[in-house]
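Single-structure report; data block below.
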Amino acid sequence: MGLTKSTGLTGPTGPAGAGADPPARWGASGISVWLDGLSRQRLASGRLAALARQGRIAGVVSDPAFLARSPAGGPYYTGQLGDLAERGVPAERALKALAVHDIRWACDILRPVHEATAGVDGLVCVTLDPRLAHDAGATLAEARALWRAVDRRNAVLGIPATEAGLTALSACLAEGINVSATLVLSAARHRQAWDAYAEGLERARAAGRHLASLASVASFPVSRVDTAVDALLDREGTLEARAMRGAVAVAAARHVHEQYERMLGEPRWHALAARGARPQRLLWTATTVPEPGASGLLPTRYAAPLLTRGTVTAVTEETLDELSELDEPEAAGSAPAAGPGTYATARRLLGHLRWFGIDHGELASRLETEALKELNDAWHQLLDRVTLSLDKGPATGEGTDGTA
């Protein structure tokens, strides 16, 4: 899977085996599809391995909101939690032990993809403790500890793109740690994430590191934008407002992608690329349509139009199945081929937000704050569930996680 520079947000092009599942064909076109959600159940059941082996996914991304629904929620963690309880391990350390176990396992499953793509894909992206989002030093220390514990080159540590988070992101890269800038909700924040990435690469090079071995993505949570904007448009209640419902998120993503392509042409990036650096790819997350039937949007409304060379689209398994039902033209979305025309359309649509009193920059800032609160709440929920499991004491027998 190459990093072919695209000319806009377009659908998949180029065959990769007639009759193959569309996600499997897209990989040959430089389009990466990752699975949104890492759980012990998917690991132990062999489901993740099957999806990777079939070429349907090329990576995994997960965060506390998803993980909060996994630990202590079934038999898959019983054995390891029992061992941890027997040893009197406190909840925070136990949670990290569970996470390290699953990250290592997923990295090993995806190692063949990582090797076959020369490190472009086969990545496992997991979010660090979101409570540290505004503390650069603590984030760096946490990243160092987790990186050493996981000890896998295809792991990627997610850091919220706050001011402190981006400082930590640069420092991580300087030390050879793969990182993801998460919660990138505007073109302005994406510019900052890109600059932090470039600074990290420059520091890594000064330290004598091989830039080709470093991986990074910038995560744009697509549906979050429409969820917020649609609520504001509904207050307007006009025909013009209703016409924009469900359309702003993809336009915002296209606007960010347009900037991404411009940055690939900048002298600073050319100097880094000449030293072997890979671009910090855009990662489209939160591509599931909330209540697709009620909203009137197709389940693939966000995932399909954003499939493009050189970017990553993270989808749930349900959305992946929906994408598999589409043929290639449909998967490209109903909009005309991207490029300058589509980018101009996206800019024009975003400009219309002002008619309804919506400032895109202020909205992005609010969404970042809300998302961080949700991640913090999910993290506390995780700790609570692990604490309850540990309080039950050692388990008897053997758990389905393979631990005793």
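Bear in mind these aren't lab numbers, they're just calculated from the coordinates by the rules spelled out. The structure presented is a predicted model; accordingly, all values stated were derived computationally and were not measured. Positions of Cβ are generated from backbone atoms using ideal geometry, with glycine treated the same way; all protein chains shown enter the neighbour counts.
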For the range 115-271, diffusion coefficient by Stokes-Einstein and Kirkwood Rh (Cα), 37 °C, 0.692 mPa s, µm²/s: 195 µm²/s
Cα-Cα pairs of the range 343-391 separated by more than 16 Å (percent): 61 percent
Descending semi-axes in whole angstrom, ellipsoid equivalent of the chain, from the Cα gyration tensor: 33, 24, 23
Overall form of the range 22-160 per C-alpha gyration tensor (a/c, 1.5; a/b vs b/c): oblate
Descending Cα extents along the principal axes, the range 81-196, whole Å: 49, 36, 24
Virtual paramagnetic centre 7 Å along Cα→Cβ of Glu266, amide N under 16 Å, in the range 198-214: 198-203
Sequence-separation-based contact order of the chain, relative, with Cα cut under 8 Å and 6+ spacing, percent: 26 percent
Shape box of the range 155-208 [Cα atoms, principal axes, largest first, Å]: 33, 21, 16
Once exposed loop GluC sites (Glu not before Pro) are cut out (DSSP; at most 14 other Cβ, 10 Å), longest piece of the chain: 1-324
Rg ratio (alpha-carbon, reference 2.2 N^0.38 Å) - the range 194-304: 1.41
